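Take a look at the structure below.
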Amino acid sequence: MNIILDKLDSKNIMSAKLWIEDGSRNDPKDKKGIHQLLSSTMLRGCGPYNNKEIAEIVENCGANLNCDTYEDGLLISLKCVETDAYKLLPLIGWMITKPILQIDQFELEKDLTIKAIKRQKESTYQLAFDGWRKMVYGDGPYGHDPLGSIDDINKINKEHILPIASSLIHRKKNLVISGKFPINLKNYIENTIEFKGISNHNKAFKNINKIETPSEQRSSICTRSLNTKQVILLLGKATIRYDNKSDILLRLLSCYLGYGMSSLLFKVLREKYGVVYEAGIYHPIREQQTPFIMHASTSEEKGIITLQLLKECWEKVINSEISPDELELVKIKYRGQMAHSLQSISQRAEHKAHLLGIGLTKDHDEEILQRLESITSKEIKDAANRYLKNPLLSVCSNKEVIRKIFKDWKA
């Protein structure tokens, strides 16, 4: 286990983030959601403590302890005062080495997960995104939400999660602790019984699933018909890994298209034409094929023109270079965006743990900021040409709007 200490003057508060490689992308194809069930059940008993005892320990310290599932990994998060570090950090060790996984707690988490999936499906945007994701990634590792599917969750039992739980000790792990913490904390973690064995295992864990885009793209449009007057449009591509040298060029494009009131989408869709309720860019950090998506919500009367404007904005970044003034503003936005995302000790710890978890160095951000100055508009346009041609569309609306949009898209 790689341990990084990031000492800051945070008035006796520390944040610990442990990133464990391979999250929902490593769910077996017929057990989507198994990592989500494991991560949530680990919190409900580990080592010598049952569910109530863990809750009492954490609550009596006024601390927060969580475990979340992402596509690329599991993230255990602890936030507490410095003086409680030795009392609470062992819980993280027990979660990995000796999760209890009581059957009643496991069944409770299954029920809660199913309810969360049902709530998620009430979101029109989520339905549109699920359609886009399925169209782009198919049954591959990025083709489903970390929560999984209701059918698969119902089929998973405790025996299925035991080998997944046992694999955690062998997976690569990066623990980042930011803020104010005891001087000898690293030595304590490496030698305490709760973490015994973890530090000696940091092998690459073999993925069950291979990341790949479906070889046969049957259609460039996905539709979902609902009884609604709202129109949700998602236009995007699966692009490149976050560690690709061209990734920063697409990050700058994200800022240009969707960050702030000076962004292209805001100026065109909101200020000039006033056709949308909301518009933006979804471009997360991914270890493999990162989605780059323009999204907009509008009314049924303005669905066609909104789609046309989205396509024009998409074509603009492919066919023309942004001006020197726009480029300078985009670079300022990117620096601001990065600074804003690292304001708290929890944000700093999580970001560093995430970067290390996907194979980058803790100095990656500094390297990017140094490179930022020399990036040209031509480089950005070339990246757009290389990675953003032939986007795919997902639409959620009523049947009549979908019929019109489908006809316009195929024209």
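The values are calculated or read from the model by the stated rules, or taken from the named source; none is laboratory data. Source: prediction; values computed, not measured. All Cβ positions, even for glycine, are placed from backbone atoms using ideal geometry, and neighbour counts span all protein chains on display. The accessibility values were calculated without ligands, DNA or RNA, using every heavy atom of the protein model including side chains. Shrake-Rupley method; radii C 1.70, N 1.55, O 1.52, S 1.80 Å.
Figures for the structure shown
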{"quantity": "Candidates E21, E56, filtered to the one that is on the phi < 0 side of the Ramachandran plot and open to solvent by 40 Å² or more (accessible area, probe 1.4 Å)", "calculated": "E56"}
{"quantity": "Residues (open to solvent by less than 40 Å² (accessible area, probe 1.4 Å), polar (S, T, N, Q) and either in contact with a strand residue (DSSP E or B) (Cβ under 9 Å, 6 or more places away or on another chain) or closer than 30 Å to K399 by Cβ (or both)) located in region 229-278", "calculated": "T239, S254, S263"}
{"quantity": "Evaluation of A339 against (1) in a helix (DSSP H, G or I); (2) on the phi > 0 side of the Ramachandran plot; (3) of a type in the set (G, A, S) (one fails), failing number", "calculated": "(2)"}
{"quantity": "Among (1) under 21 Å from I248 (Cβ atoms); (2) part of a strand (DSSP E or B), the one test that V330 misses", "calculated": "(2)"}
{"quantity": "Complete set of residues in region 100-139 that are within 25 Å of I161 (Cα to Cα), open to solvent by less than 30 Å² (accessible area, probe 1.4 Å) and not hydrophobic (A, V, I, L, M, F, W, C)", "calculated": "Q105, E109, K110, T113, Y137, G138"}
{"quantity": "Residues (closer than 20 Å to L388 by Cβ and either in a helix (DSSP H, G or I) or modelled with pLDDT of 95 or more (or both)) located in region 132-143", "calculated": "W132, R133, M135, V136, Y137"}
{"quantity": "Meets criteria (charged (D, E, K, R), open to solvent by 20 Å² or more (accessible area, probe 1.4 Å), under 30 Å from Y137 (Cα atoms) and more than 20 Å from the chain's Cα centre (by Cα)) for D68", "calculated": "no"}
{"quantity": "Number of the exception - K267 against (1) in contact with a Leu (Cβ under 9 Å, 6 or more places away or on another chain); (2) at pLDDT 90 or above; (3) not aromatic (F, W, Y)", "calculated": "(1)"}
{"quantity": "Residue list for region 222-249, restricted to those being of a type in the set (S, T, N, Q) and outside any loop (DSSP other than H, G, I, E, B)", "calculated": "T223, S225, Q230"}
{"quantity": "Matching option when the condition is closer than 30 Å to L65 by Cβ and either open to solvent by 20 Å² or more (accessible area, probe 1.4 Å) or at pLDDT 95 or above (or both), among L356, L393, L369", "calculated": "L356"}
{"quantity": "Candidates I281, I285, I305, filtered to the one that is modelled with pLDDT under 95 and open to solvent by 10 Å² or more (accessible area, probe 1.4 Å)", "calculated": "I285"}
{"quantity": "Long-range neighbours under 7 Å by Cβ, at least six apart or interchain, first residue open to solvent by 70 Å² or more (accessible area, probe 1.4 Å) within region 178-192, second not polar (S, T, N, Q)", "calculated": "K186/I3; K186/L5"}
{"quantity": "Test: residue in region 101-124 that is within 30 Å of N191 (Cα to Cα) and not polar (S, T, N, Q)", "calculated": "yes"}
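Rundown of residues vs (1) assigned by the TED database to the domain that holds P28; (2) in a loop (DSSP other than H, G, I, E, B); (3) modelled with pLDDT under 95; (4) out of contact with any Ser or Thr (no Cβ under 6 Å at 6 or more places or on another chain), yes/no style:
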| position | (1), (2), (3), (4) |
| --- | --- |
| I76 | yes, no, no, yes |
| K79 | yes, no, no, no |
| G93 | yes, no, yes, yes |
| A116 | yes, no, no, yes |
| P146 | yes, yes, no, no |
